[in-house]
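Working notes, structure below.
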C-alpha cells in the first residue's frame, strides 16, 4: 500500500475508538479520525468470534485487498480502523469490497461519483 501505514499498537486503536466517528453496515464497522498528516493509517480487527485463524486471516486479506484497490481514491490524513463482524466470514470478495466502499463513502473519504466522473473526463481530454 503506497500511502498507508498500519496501526499496530493497542494505544493507537484505543485513541481512534475514543475520539473517532464510527459507521457500520452488515459486515463491517469503520472508525475514522483525522490525524493531521499526509498519509493514512489502517488498522484491521478480526476477533475470534468471526472464526478460527484460517477464517480470520482470509477476512483480513479480503479487507486489505479491498482497501488497496480503493487507496488511490481515498482522501489522505486519516486513521482508519475496520472491524469485521461475524457475518463477514461467509462473504465473497465482491461483498467485502462493496461494504468497505460503502463505509468509506459514508465517512466522506471517497469523492462523490460525479466528481470522479468529471476527473476522468478531464484526464481523457488532457490526453
Consider residue 22 carefully, then state whether it is closer than 16 Å to residue 2 by Cα and either free of Cβ contacts under 8 Å to residues at least 24 places away in the same chain or in contact with a helix residue (DSSP H, G or I) (Cβ under 6 Å, 6 or more places away or on another chain) (or both).
-> no
Looking at (1) part of a strand (DSSP E or B); (2) modelled with pLDDT of 95 or more, find the lone condition where residue 61 falls short.
-> (1)
Is there any pair with a first residue in the stretch 1-14 that is part of a helix (DSSP H, G or I) and a second that is modelled with pLDDT of 90 or more whose Cβ atoms are under 8 Å apart and which are 6 or more apart or on different chains, and what are they?
-> 12/41; 12/43; 12/79; 13/7; 13/43; 13/45; 13/81
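The values are calculated or read from the model by the stated rules, or taken from the named source; none is laboratory data. This one's a predicted model, so the numbers in the text were calculated from it and none came from an experiment. Counting neighbours? That spans all protein chains shown, and the Cβs are built from the backbone with ideal geometry, glycine included.
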